[in-house]
Amino acid sequence: MAARLAASGMPLRDACRAAIVDALTDDADTARALGEVVAAVIGDA
């Protein structure tokens, strides 16, 4: 799903947040930690 969002023009970081982070948790601390994982994996893309 993140790839489809990115292919449609959404920035990759936002696509990963929407498709992965938001889908996995609604807890702010967990979302922040997952966001850090996304940033570590994709960098500043």
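A short reminder: the numbers here are calculations on the coordinates, not readings from a lab. In this text, all values refer to a predicted model and were calculated from it rather than measured experimentally. Every residue, glycine among them, receives a Cβ derived from its backbone with ideal geometry; neighbour counts consider all protein chains shown.
Remark: the stretch 9-16, residue by residue, has Karplus-estimated 3J(HN,Hα) of x, 6, x, 4, 4, 5, 5, 5 Hz, where x stands for each Gly or Pro and the curve is 6.51 cos²θ - 1.76 cosθ + 1.60 at θ = phi - 60°.
Taken about its Cα centre, the chain carries a charge dipole of about 220 debye when Lys and Arg each add +1 at the Cβ and Asp and Glu each add -1 at the Cβ. The string of couplings for the stretch 19-36 from the Karplus curve (6.51, -1.76, 1.60, θ = phi - 60°) is 7, 10, 5, 5, 6, 8, 7, 10, 7, 4, 5, 5, 4, 5, 5, 5, x, 5 Hz, one whole number per residue in order, with x for Gly and Pro.
Neighbours of Thr25, meaning other residues whose beta-carbon lies under 15 angstrom from its beta-carbon, give a summed charge of -3 when Lys and Arg score +1 and Asp and Glu score -1. Over the chain, Cα pairs under 8 Å with separation of 6+ residues give a relative contact order of 38 percent. Could you work out the helix-only [θ] at 222 nm for the chain, with each DSSP H run of four or more residues adding -39,500 (n - 2.57) and the total divided by the number of residues, to the nearest 500 deg cm²/dmol? Taken over the chain, the calculation gives -16000 deg cm²/dmol. In the chain, a dipole from Cβ-located charges (positive for Lys and Arg, negative for Asp and Glu) runs towards its positive end, and of Ala39, Thr25, Ser8 it is Ser8 whose Cα lies farthest in that direction.
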